[in-house]
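**Student:** Can you read through this structure? Questions will come right after.
The values are calculated or read from the model by the stated rules, or taken from the named source; none is laboratory data. For clarity, every value in this text was computed on a predicted model and none was experimentally measured. Positions of Cβ are backbone-derived with ideal geometry, glycine not excepted, and every protein chain shown enters the neighbour counts. Protein only, heavy atoms only, side chains kept; ligands, DNA and RNA dropped before computing areas. Shrake-Rupley method; radii C 1.70, N 1.55, O 1.52, S 1.80 Å.
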Protein chains: 2
Amino acid sequence: MRFALPFFLAASIGCAGTEHVASHVHVDEPGLVSLATEAGRTLLAQNLDDADAIPLLSHFESQRYGSYCGIASSVIVMNALGREAPPNPALGTFRYNTQESVVGDAETASVAPAERINTQGMTLDELGGILRAHSLDVTVVHGADIELDSFRTQIREGVAREGDFLLVNYFRPGVGQQGGGHISPIAAYDEETDRALILDVAQYRYPPAWVEIETLWSAIRTTDDSSGLTRGFVVASAR
Amino acid sequence: MRFALPFFLAASIGCAGTEHVASHVHVDEPGLVSLATEAGRTLLAQNLDDADAIPLLSHFESQRYGSYCGIASSVIVMNALGREAPPNPALGTFRYNTQESVVGDAETASVAPAERINTQGMTLDELGGILRAHSLDVTVVHGADIELDSFRTQIREGVAREGDFLLVNYFRPGVGQQGGGHISPIAAYDEETDRALILDVAQYRYPPAWVEIETLWSAIRTTDDSSGLTRGFVVASAR
């Protein structure tokens, strides 16, 4: 482990293809590799055939409130999966899942009240519950329940597999960022550098970034004070 | 020209890196190549070093109303250029340009009233005017005023150049899509297939797509009934 993570008891919850083309990226940095750098861009070009990358980039959007990381991540995944959205007069006859529609609908309310999401965000189990309530098949894995090698396998295979998407709930300081708990989709994995691309939905705060799997694993094994459980990740697919 | 475009007098206005890695994409289709296809994805991987691609993908978002193609495109470009946004209590101390903030601010109102944008969208000159009113340097080029070779050069050099972005105003049927006039940013150019990647901001309607330059050129030379002028494109940079 590159990071020593002794007391990760954060006060805030959520938000508060592996076909390898060539290896000409040399990454010395121990921490994040921003997608805004040449190295980050080259890693994406080499792994753009990961099945999840283009659908997530095509439906990417920033979280519209400070506490909406889980809502924004869910909406991106719902749209990438082609989940049918409710009618929206703003779009005429077209439909698209939006953060406002998802946070305000009965499915979400059956898991967590909008008022609490608006002020505090959501826990990992609430994230899984909200996706499930919106008719998706969902697997929730807490950081405490998975070893490093299995986590790496799930990420590598998950981003390469069509029809499902990964959402990760991690502690920002664990990956070298400021903030607390956060949720975002994972778009790609690079075998050579053993890094996952987090499509950070707080676009106003951090660009997408490649994070070492071991670092990310440590950051999902932190405890979310609101649940008393570790963070983790969700795999979501259409039913 | 692949498309015969005899009477492009549309009733609706806006919305109703060239380093080449290898050539293993064979594109037979005369029309669009969707980014959702293997060919489209490979073209992006080969041209991801176009300077404009990653910043636009990182700040991509869908238009929030049927008439907001110009607003959404402007917001994406403003955020990609790092234009400072007004305070937004929803984001705490952070700032991010949003479609709501831009459509409702005094800068936009100095060019076009929100009520008209909400119902009709905007013309090419209004798009340029709104970006200029938001402190960007703007060049507006109407389709009638540019020849095919110059248009190709502007696209090829524009997407490869750092610090500015291209927004194109075209007639959807001219590129083989349903609808009327539309506005979206251009993220990349592929020399081999002579195609530009349009990051379609109506994500609920069409995925991003590679369009042949000659086809796009024809589609920007159509007349916008609201202005009586041809459509075209805008180059915007920070002042």
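**Student:** At a threshold of 8 angstrom on Cα-Cα distance, excluding pairs fewer than six apart, so keeping six or more, what relative contact order does the stretch B:122-239 reach in percent?
**Tutor:** The normalised contact order for the stretch B:122-239 reaches 37 percent.
**Student:** Quick check: from the Cα gyration tensor, does chain B come out rounded (a/c under 1.5), prolate or oblate?
**Tutor:** Oblate shape, in that a/c is at least 1.5 and b/c is the bigger or equal ratio.
**Student:** Also, I was wondering about something else. Pop out a list of residues from the stretch B:52-101 that are at least 40 Å² less accessible with all the protein chains around than in their chain alone; 1.4 Å probe, no ligands or nucleic acids counted.
**Tutor:** Hits at the 40 Å² cut-off: B:Ile54, B:Leu57, B:Ser58, B:Phe60, B:Arg64, B:Ala90, B:Leu91, B:Phe94, B:Tyr96.
**Student:** Along the charge dipole of the stretch A:127-225, Cβ charges K/R +1 and D/E -1, which of A:Leu127, A:Gly158, A:Ala196 sits furthest on the positive end?
**Tutor:** Farthest towards the positive pole: A:Leu127.
**Student:** Skip the ligands, DNA and RNA, and give the accessible area per residue of chain A with a 1.4 Å probe, whole Å².
**Tutor:** Values: 8880 Å² over 239 residues.
Heavy-atom accessible area per residue stands at 37 Å².
**Student:** Can I ask one more? Summing -39500 (n - 2.57) over the DSSP H runs of n ≥ 4 in chain B and dividing by its residue number, what mean residue ellipticity at 222 nm do you reach, to the nearest 500 deg cm²/dmol?
**Tutor:** My calculation for chain B gives -8500 deg cm²/dmol from helical runs alone.
**Student:** Take B:Asp137 and B:Ser237, extend 7 Å from each Cα along the Cα→Cβ direction, and tell me the distance between the two endpoints in nm.
**Tutor:** Going from the B:Asp137 label point to the B:Ser237 one covers 0.4 nm.
**Student:** Right, next: Average the reciprocal distances over every distinct pair of alpha-carbons in the protein assembly as shown, invert the result, and give the Kirkwood radius in Å.
**Tutor:** Values: mean 1/r = 0.0443 Å⁻¹.
Taking every pair of different Cα atoms in the protein assembly as shown, averaging 1/r and inverting gives 22.6 Å.
**Student:** To continue, here is another question. How big is the stretch A:92-169 on each of its three principal axes, counting only the C-alpha atoms and giving the largest first in Å?
**Tutor:** 44, 31, 17
**Student:** Let me ask another. On the protein heavy atoms, probe 1.4 angstrom, tell me the percent of accessible surface of the protein assembly as shown carried by carbon and sulfur.
**Tutor:** Ligands and nucleic acids excluded, carbon and sulfur reach 50 percent.
**Student:** If I take R0 = 35 Å and measure r between the Cβ atoms of A:Ala106 and A:Glu157 in this structure, what FRET efficiency does the formula 1/(1 + (r/R0)^6) give, to the nearest 0.05?
**Tutor:** Values: r = 34 Å, r/R0 = 0.97.
Rounded to the nearest 0.05, the efficiency is 0.55.
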